[in-house]
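*Asks:* Please see the structure below; I have some questions.
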Amino acid sequence: MRTLLAIVIFLGGIFALNPTADARKSKRGANPMYYYAAPQGISPREVCEQRAFAEDPAGRYAGYPCWARETFGRGSSGGRGG
């Protein structure tokens, strides 16, 4: 019984050491993430307000900060009839 348990533990250790798990190989997609760059002359606050209005045009969350309005607006189908 001990021998069987030792064999199971040994085989489990072998399978746990997956040879394909290489730190150099990335599992991420080939496309890098792109970040939105605001046009020159527009403050980050104005960009935030524009994005909030785009997600919450009905003004359901008007009492919240712009970043919250944007986030809450996404959850309600973007404020577009949802």
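The values are calculated or read from the model by the stated rules, or taken from the named source; none is laboratory data. Here the structure is a predicted model, which means the values were calculated and not measured. We place every Cβ from the backbone using ideal geometry, glycine too, and count neighbours over all the protein chains shown.
*Asks:* Determine, yes or no, whether Ala62 is outside any helix (DSSP H, G or I), out of contact with any Phe, Trp or Tyr (no Cβ under 9 Å at 6 or more places or on another chain) and modelled with pLDDT of 70 or more.
*Replies:* yes
*Asks:* I'm told Leu11 meets every condition in (1) at pLDDT 85 or above; (2) surrounded by 10 or more Cβ atoms within 10 Å (Cβ to Cβ); (3) not small (Gly, Ala, Ser) except one. Can you identify the failing condition by its number?
*Replies:* With (1) at pLDDT 85 or above; (2) surrounded by 10 or more Cβ atoms within 10 Å (Cβ to Cβ); (3) not small (Gly, Ala, Ser) applied to Leu11, the lone miss is (1).
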